[in-house]
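The values are calculated or read from the model by the stated rules, or taken from the named source; none is laboratory data. Nothing here was measured: the structure is a model prediction, and the numbers come from that model. Cβ sites come from the backbone with ideal geometry, for glycine too, and all protein chains shown count toward neighbours. When the accessible area is computed, the model is the full protein with side chains, heavy atoms only, and any ligands, DNA or RNA have been set aside. Shrake-Rupley method; radii C 1.70, N 1.55, O 1.52, S 1.80 Å.
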Amino acid sequence: NYAALIQQQINEDKQNVREKAVYGIQLTEEKLNDFRDEQIGQLKELMNEATKPNKKITISKDSEYKT
């Protein structure tokens, strides 16, 4: 179960604060071949966003959502 794997990795990460957290599993070439080109592109975009350095975000009062 993938959700259980992620939860286990999160719990292990909480105990090991010195190493970089790594979540999920590596996809084999065989698994990657099952994806369409569009899906591979989406996975790459997700990886790029997930591995970006943390940026500090400042939200000003003027940018609050208004209804």
What is the residue count in the stretch 20-38 for residues that are open to solvent by less than 100 Å² (accessible area, probe 1.4 Å) and either under 20 Å from Ala3 (Cβ atoms) or among the hydroxyl-bearing types (Ser, Thr, Tyr) (or both)? 4
Would you mind telling me which numbered condition in (1) assigned to a helix (DSSP H, G or I); (2) at pLDDT below 80; (3) over 19 Å from the mean Cα position of the chain (by Cα); (4) of a type outside the set (Ser, Thr, Tyr) Ile59 fails? (1)
Enumeration of residues in the stretch 1-19 that are part of a loop (DSSP other than H, G, I, E, B) and either open to solvent by 100 Å² or more (accessible area, probe 1.4 Å) or at pLDDT 85 or above (or both): Asn1, Val17, Arg18, Glu19
